[in-house]
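Input: a single structure, listed below in structure tokens.
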Amino acid sequence: MQAAPKALDKPLVASPERQQEADSDGVLVKRVQAGEVAAFDTLIRKYRERVFGVIYNMTSNREDAADLTQDAFIKAFQSINRFQGQSSFFTWLYRIAVNSTLTHLRKSRLRSFFSFEKINEEDKSAEVIDKLTDKAGVEREVLIKELQEKLNEAMQKLSTKHRTVVTLFEIDGLSHEEIADVVGCSVGTVRSRLHYAKQLLQSELEPYLRP
Amino acid sequence: MNESPESRSSSPKVSLEELLRLKQAERPSAEFWMQFEQEFRTKQLAAAVEKRRWWDAIPRAFARLPRLQIPLGATAILAVTFLTVREYRQPEIQPGVIPSAPPMVAATMADSSAVVDEAEFSVDSPANSVGFPVESAPALASIPGADRETGSTGWDLNELMEQRARSSELSPSARSIAANLAAAAELEPELARFIDGQSSSLRLASAREPLADVASPRDVRRDRLFAYLGAPANTAESDEEITVVRERIASRLSEAQLYDQVRRIGGGADRLTLKF
């Protein structure tokens, strides 16, 4: 309940950096459409980690995430001539990736198992872990592993729609409008889903959270 | 080994956003991306070589439909409205065009033509009971000179001939009846006399209770059968004898047989058909 107003404070319009990014993507897309296949490699390198991150956080399985990321890029390459630039390239690519992932999750609902990536302890993540424990060495590793499992459990308890919105907003940092564009729903629906998902996550992760 | 949440209660806690930020830090190693790229190239090549199936284009074609929802829906509504209005619009009667005769008159015309044909077919049968059916009275009323009160037509052949000359003023049904009668009178004077006799019976019939004129289906079938059956050649035979013979035949025929017999006999404008 406390986190919802904070989420609404986030900017709802595309930032100048995002706009600049979209423009450079547009140039690359035009080159690909003109037949320059190498330009698509640039786009792959630029977005593969982000696309993988979204899919990975939705599936909680690194192998599935890798396959789905590759499939998303292949689909994007096959359909690049139909991309008319009505939305930014990364929104379009995300839409392909999210839809493929949702289809995959629907198909493999009963046979889901998790495999995690290792948390890279860099600046921000290290700060969070420091706040949670003052221990070092093996004990710290164990805590991180436990936290990772708890986080994934909590995420998997969300429905796919709610998980998608949380992933895109909290983990990937997309705006409400961008999420609405990717998911294909209204901004109000995005906010509502986000609010509900956060409530659920807070109840699941209560022992780790500030009161 | 694991710290329970209770034991961690004294330690500083984080917000949900901060906790979720840890998920951002779950990143694969450089080896993973090398392997990823290799697999991607293989898949890309396979996808390029793979022949596209024609049905893959169907979902893409349907994906464009949502954009056309409003125009398509509006067109469909307009088409349905146009068809409905066209279906239920009353036909306009144009001036100078005579509308088709009502069913009763049409039936009467058919009957009258049948009379002429039957007369041509069975020359020696003046005493058969075909005559003019009672239903022809409304049509007769449209003939000038017909007595509407009694139903008498006043069958004067000369008058009919005159009427024929003036036929352009008559209704189509009256013209047809008059023409048939005149033709029949010219060909068969006997038939003309018979028709005249029938007109007197019509006079009697009109004086009776209207419901009494309604013939039962059995009677209609029987009359029809007798009309087609060869009548006695001797025209001098009395009506009583004919009636007795008919009654005998009719009493021996069951309803089913009668219906069967009648069904086998058919007549057109210029033909008589018998089914075996």
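Could you pull out which residues in the stretch A:71-110 have an amide N less than 13 Å from a spot 7 Å beyond the Cα of A:Glu49, following the Cα-Cβ vector?
It comes to no residues whatsoever.
If each of B:Ala215 and A:Val138 carries a label point 7 Å out from its Cα toward its Cβ, how far apart are those two points in nm?
In this crude spin-label approximation the distance works out to 11.9 nm.
Counting only protein heavy atoms and rolling a 1.4 Å probe, how much accessible area do A and B lose on contact, total for both sides, in Å² to 100?
Looking at A and B, the buried total is near 4700 Å².
Please give, to one decimal in nm, the separation of the simple spin-label points placed at B:Tyr259 and A:Thr189, each 7 Å out from Cα toward the Cβ.
For the pair B:Tyr259/A:Thr189, the computed spacing is 6.6 nm.
Could you list the residues of the stretch A:49-68 with an amide nitrogen less than 16 Å from a label point located 7 Å from the Cα of A:Glu177 in the Cα-to-C-beta direction?
none
Could you check the simple spin-label distance between A:Asp130 and B:Arg86, using points 7 Å along Cα→Cβ, in nm with one decimal?
8.1
If you take the beta carbon distance between B:Glu17 and A:Lys145 as r and set R0 to 25 Å, what does 1/(1 + (r/R0)^6) give as a FRET efficiency, to the nearest 0.05?
Using R0 = 25 Å, I get an efficiency of 0.70.
Do any residues of the stretch A:57-106 show a loss of at least 40 square angstrom of accessible area between the isolated chain and the full protein assembly, using a 1.4 Å probe, and if so which?
A:Gln70, A:Ile74, A:Gln78, A:Arg82
Report the calculated FRET efficiency for B:Trp55 and A:Gln33 (r = Cβ-Cβ distance, R0 = 25 Å), to the nearest 0.05.
0.45
Once the whole set of protein chains is in place, how much accessible area is left on B:Ser216, using a 1.4 Å probe, in Å² to the nearest 10?
Here the residue's solvent-accessible area equals roughly 50 Å².
Once you have all Cα-Cα distances for the stretch A:146-211, histogram them in 10 Å bins from zero and send the whole-percent values.
The distribution over the stretch A:146-211 is 23, 51, 23, 3, given as percents.
Pulled fully out, how much extra length does the chain show between A:Gln20 and A:Lys107, if you take 0.36 nm times their separation in residues and subtract their Cα-Cα distance?
The A:Gln20-A:Lys107 span can extend by a further 27.6 nm.
I'd like the residues of the stretch A:136-161 whose 1.4 Å-probe accessible area shrinks by no less than 40 Å² going from the isolated chain to the full set of protein chains.
SASA drop of 40 Å² or more in the stretch A:136-161: A:Val142, A:Glu146, A:Leu151.
The values are calculated or read from the model by the stated rules, or taken from the named source; none is laboratory data. Quick caveat: nothing in here was measured; it's all calculated off a predicted structure. Glycine gets a Cβ as well: all are built from the backbone with ideal geometry, and neighbour counts include every protein chain shown. Ligands, DNA and RNA are excluded from the accessible area calculation, which covers all protein heavy atoms including side chains. Shrake-Rupley method; radii C 1.70, N 1.55, O 1.52, S 1.80 Å.
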